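S.K.: One structure, as C-alpha cells, below. Some questions next.
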Amino acid sequence: MTMKQPVRKFRIRRVPTTPSPQLDTPQSDTVPEKLADDQMHPTASQIQTAQVQTAQVQTTKSQANQPQSTHPQTRHSKDGQSQKAHPQTDHTQVKPSQHLHPQNNLATPPHKETSPETNRSEKTPPAVANNTTDTTPANQIEAIQKEGLTGRQLRMARRIANEHKLPAQTDFDAVRLLRAKGIDPFNRSNPLDWISPEQNQNKSPSPDNAKVQLPQKIEKAPETLPSTDVNPIDRRSEEIRQIQLEITRRRRRKALMLLARLVVFVFLPTAVTAWYFYFVATPLYSTKAEFLILNAEGSASAGAGGLLSGTGLASSQDAVSVQNYLLSKEAMLRLDNDVGFKAHFSQSWIDPLLRLDEDASNEKAYKLYKRNLEIGYDPTEGVLKMEVTATDPAVSKQYAEALIAYSEEKVDNLSRRKRDNQVADAEKALEKAHQERLDAQERLLRLQQENAVVDPQGKLTAMRARITHFETELQLKRLRLQALLDNPRPNTAKLSGLKGDIRRLIALLDEMNLEMVDASQGEQSLADLSLQILMAQGDLQTRDMMLQRSLENLIQTQREAGSQVRYLTTSVSPVEAQDPSYPKKFENAILAALIFSGIYLMLSLTASILREQVSS
C-alpha cells in the first residue's frame, strides 16, 4: 500500500540575460507574467520553438558585440569543465509564465532580477546537461531511464508534474518535461521556493488574472544600471554586526553597573566591617565555668521528692531561677557595686562600640552586661554553663567567681522563706498541742470532782470482790449446816448458829447486790462515770503525744532553718585565659558579607518588581 506523499511545489527560475542596446525593440521587451494559470504551461513543441528563437536572438546579440568579444560563449559547470553554447539549443531555464509574442512568435527577453533570491547560483542538474544535446523526446526518455532513478524519485517527479499541469504520459516523461522547464525534481531545497510569486498572484481570483483576449501594451523594461545601494547581504551583515555591538555594549554597561552596585552595597561595607574587626575592635577574654545545684542530705524529703533528690529534675526550678537571676539587672548592679563593672568598661582605650560613657545609665550598662555574659542550662544533666567576657583575663575570672557566689547565695535564699514559715508553723502547732493537753486535764479533773470518785472502775471492782467473798463464805456455812443435818442427833446450838449466819450472809449479799445495781444504772451510774473518765484519760494521753511530736518538729525545723539546704557544686572552675576569644575576625567578616549580600538581593528584587509594575 503506497502512502500518500506530501505535495511539493517547485519554483521555475530563469537565467537572466543582458539586453543589448542594438536590440532594444518592442520584441525584446518582457511580456507581462501575470497571466491566468491555464496560459502558463505551453506544449513541448512550443518550448522547443521558443528555445530555437531565443538562441537566434542571442546569436544576433553576439554578432553585434563582436568587437568586444570574438570568442564563442562558454558556460562553466560545477565540475569546472566549460561547455560551448549550441546555436540551436539554449541552456537557459524557461519559465512557464514566459509566453510567445503574438506578432513575431519570438520569446521575449526576460527581466533581470535583482532580488536576493535570484542572485543565488542555480546549479543545473547533470541529467539536464546531458539531455540538452538530445532533442528527440524518445532519446531523452531513454537517457533518463539509464540514470537508474528509484521509484520514489519517479513518483515525486510525477507529482511535481501534476502540480505544474504538465501533460506527462509516464514517470520518465514527467522527469523530461520538468527538466525541459528547468525544474530539478530531485533538488532538496525549500519547497516554498518552487512556487514563484507570479504563480501565487496568478492564482488569486482578481480581474487581472483573467484570460487576455486582446493585445496588451508591452511595458518597456527599466534600464539595468549599476545600483548605488549597498549589497543587501553586506547591509544585513553590517546591521547584524551593529546589533551585536550594541548588545555587547549594553551587556558591558549592565555588568559595570552591577559591579558598581556590588562594590557600594556589598564589598565596601564588608571591607569596612573586616577592617573594624581586625584593627579597631578590642580583644575580649572569656572565662568559662560549670556548676550544678545539690540539695543538703539532712533536708526533709519524702515520697517522690526524695526519689528525685539526686537527679536534675529535683533542682531544675532552682537552676532556672539562678539563670534568670544572673541575667537580671539586680545581679549587674550587685556586680558593679562589688567589682566595678561600669568602671572597667568605661576605660578610654576600649573601642567606641564597646566602651561605656562615664555617666552611662544602668540600662546601657545592662545591655553591655548581657552581651558579655552567656548562661545555659542543660536539663538532662542539670548543669549550668556560664561564660563571662572582659577586656582583661583576671577581671573576667573575678566576674565569674563573683557570679558563682551570688548564685549560691541566691539559691540558698530561695528556700529561706519556706524554712521560716516551717518554723512558724511548728511553733503554732506546739502551742495548740499544749493548749489541748490542758483542756483534757481540766475535763478529767472536773469529772472526778463532780462525782467524788477518783476511780469508778476501782470502786466497782472492789464491790465485786466483796460480793464474791461473802458468797464464798455463805457457801461454806451451807455446807457445814448440811453436815450437821446429816447427824441424827445434831447439836441444837450449833445448828441454830449456822442457820443464823446463813440468814445474815444472804441479807448482806442482797444489800450489796442492790447497791451495785443502783450504782451501775441511771445518769450518774458507776459504769457511765467510769466510761467518761476513761475517755478523758485517753484524750489526755493523745494530747501528751501530740505535744511531744510538735516539740520534736519544732526543734528539727529550727535546726534546718539555721543550716544551708542548697549547695552549688562547681564542676569546672574559672581559669584565666591567655589568648583573646573575641571578636572572631574571619567569621564575623564572612557573616557581614552574607548579611550585606542578602540586603542587596532583597533591595534589587524589590526594585525590579516595582519597575516591572510601573512599566506595565
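The values are calculated or read from the model by the stated rules, or taken from the named source; none is laboratory data. Since this is a predicted model, take the numbers as computed values, not measurements. Every residue, glycine among them, receives a Cβ derived from its backbone with ideal geometry; neighbour counts consider all protein chains shown.
S.K.: Considering only residues that are among the hydrophobic types (A, V, I, L, M, F, W, C) and surrounded by 14 or more Cβ atoms within 10 Å (Cβ to Cβ), look in the stretch 572-589 and name the one that is farthest from the chain's Cα centre (by Cα).
M.R.: ALA577
S.K.: Of all residues in the stretch 457-491, how many are of a type in the set (Asp, Glu) and in contact with a Leu (Cβ under 8 Å, 6 or more places away or on another chain)?
M.R.: Selection size over the stretch 457-491: 2.
S.K.: Would you confirm whether or not the stretch 184-193 contains a residue that is among the aromatic types (Phe, Trp, Tyr), part of a helix (DSSP H, G or I) and at pLDDT below 90?
M.R.: Residues of the stretch 184-193 that are among the aromatic types (Phe, Trp, Tyr), as a first pass: 186.
From what's left, part of a helix (DSSP H, G or I): none.
Scanning the stretch 184-193 turns up no residue that is among the aromatic types (Phe, Trp, Tyr), part of a helix (DSSP H, G or I) and at pLDDT below 90.
Listed here are the residues, each with its yes/no results for (1) in a helix (DSSP H, G or I); (2) more than 22 Å from TYR276 (Cα to Cα); (3) out of contact with any Pro (no Cβ under 9 Å at 6 or more places or on another chain).
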{"position": "ALA331", "(1), (2), (3)": "yes, yes, yes"}
{"position": "ARG334", "(1), (2), (3)": "yes, yes, yes"}
{"position": "ALA343", "(1), (2), (3)": "yes, yes, yes"}
{"position": "PRO352", "(1), (2), (3)": "no, no, yes"}
{"position": "ARG355", "(1), (2), (3)": "no, no, yes"}
{"position": "TYR366", "(1), (2), (3)": "yes, yes, yes"}
{"position": "GLU374", "(1), (2), (3)": "no, yes, yes"}
{"position": "VAL395", "(1), (2), (3)": "yes, yes, yes"}
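S.K.: Scanning for something within 30 Å of LEU594 (Cα to Cα), surrounded by 11 or more Cβ atoms within 10 Å (Cβ to Cβ) and touching a residue at least 24 places away in the same chain (Cβ under 8 Å), does the stretch 249-259 turn up at least one residue?
M.R.: no
S.K.: Another question, if that's okay. In the stretch 590-616, which residues are more than 21 Å from TRP275 (Cα to Cα) and of a type in the set (A, V, I, L, M)?
M.R.: Scanning the stretch 590-616 gives LEU601, MET602, LEU603, LEU605, ALA607, ILE609, LEU610, VAL614.
S.K.: A follow-up question, please. Which condition number in (1) modelled with pLDDT of 85 or more; (2) in a helix (DSSP H, G or I) is the one that ALA127 fails?
M.R.: (1)
S.K.: Can I ask one more? If PRO379 satisfies every condition in (1) exposed (fewer than 13 other Cβ atoms within 10 Å of the Cβ); (2) without any contact (Cβ under 8 Å) to a residue 12 or more places away in the chain but one, which is the exception?
M.R.: (2)
S.K.: Please find, within the stretch 164-179, the residue that is farthest from ALA143 (Cα to Cα) out of those that are aliphatic (A, V, I, L, M) and part of a loop (DSSP other than H, G, I, E, B).
M.R.: Per the criteria, the residue is LEU166.
S.K.: For the stretch 338-349, which positions are within 25 Å of ALA289 (Cα to Cα) and in contact (Cβ under 8 Å) with a residue 40 or more places away in the chain?
M.R.: ASP338, VAL339, PHE341, HIS344, PHE345
S.K.: Starting from the stretch 149-163, take each residue that is touching a residue at least 40 places away in the same chain (Cβ under 8 Å) and in the same structural domain as GLY182 (by TED's automatic domain parsing) and list its partners that are among the aliphatic types (A, V, I, L, M) and in a helix (DSSP H, G or I), counting only C-beta distances under 7 angstrom and pairs at least six apart or across chains.
M.R.: From residues that are touching a residue at least 40 places away in the same chain (Cβ under 8 Å) and in the same structural domain as GLY182 (by TED's automatic domain parsing), the pairs are ILE160/LEU178.
S.K.: A further question on this structure: From (1) at pLDDT below 90; (2) buried (at least 18 other Cβ atoms within 10 Å of the Cβ); (3) out of contact with any Ser or Thr (no Cβ under 6 Å at 6 or more places or on another chain); (4) not aliphatic (A, V, I, L, M), pick out the condition that doesn't hold for PHE345.
M.R.: (1)
S.K.: Pick from ASN553, ASN588: which is closer than 30 Å to LYS397 by Cα, touching a residue at least 24 places away in the same chain (Cβ under 8 Å) and part of a helix (DSSP H, G or I)?
M.R.: Sole residue among the options that is closer than 30 Å to LYS397 by Cα, touching a residue at least 24 places away in the same chain (Cβ under 8 Å) and part of a helix (DSSP H, G or I): ASN588.
S.K.: Also, quick follow-up: Exactly one condition in (1) closer than 30 Å to ALA331 by Cα; (2) out of contact with any Pro (no Cβ under 9 Å at 6 or more places or on another chain); (3) not β-branched (Val, Ile, Thr) is false for TYR399; which is it?
M.R.: Looking at each condition in turn, TYR399 falls short on (2).
S.K.: Considering only residues of the stretch 139-152 that are part of a helix (DSSP H, G or I) and exposed (fewer than 15 other Cβ atoms within 10 Å of the Cβ), which is farthest from the chain's Cα centre (by Cα)?
M.R.: In the first step, residues of the stretch 139-152 are kept if they are part of a helix (DSSP H, G or I); the result is 139-145, 151-152.
Cutting the leftovers down to exposed (fewer than 15 other Cβ atoms within 10 Å of the Cβ) gives us 139, 142, 145, 151-152.
Working: ASN139: 82, GLU142: 79, GLN145: 74, GLY151: 65, ARG152: 61 Å.
Only one residue tops the list, namely ASN139.
S.K.: A further question follows. How do the pairs read when you match residues in the stretch 358-372 that are without any contact (Cβ under 8 Å) to a residue 24 or more places away in the chain and within 16 Å of LEU327 (Cβ to Cβ) with residues anywhere that are hydrophobic (A, V, I, L, M, F, W, C) and assigned to a helix (DSSP H, G or I), using Cβ under 7 Å and keeping only pairs 6 or more apart or on different chains?
M.R.: Partner pairs satisfying both residue conditions: LEU368/PHE345.
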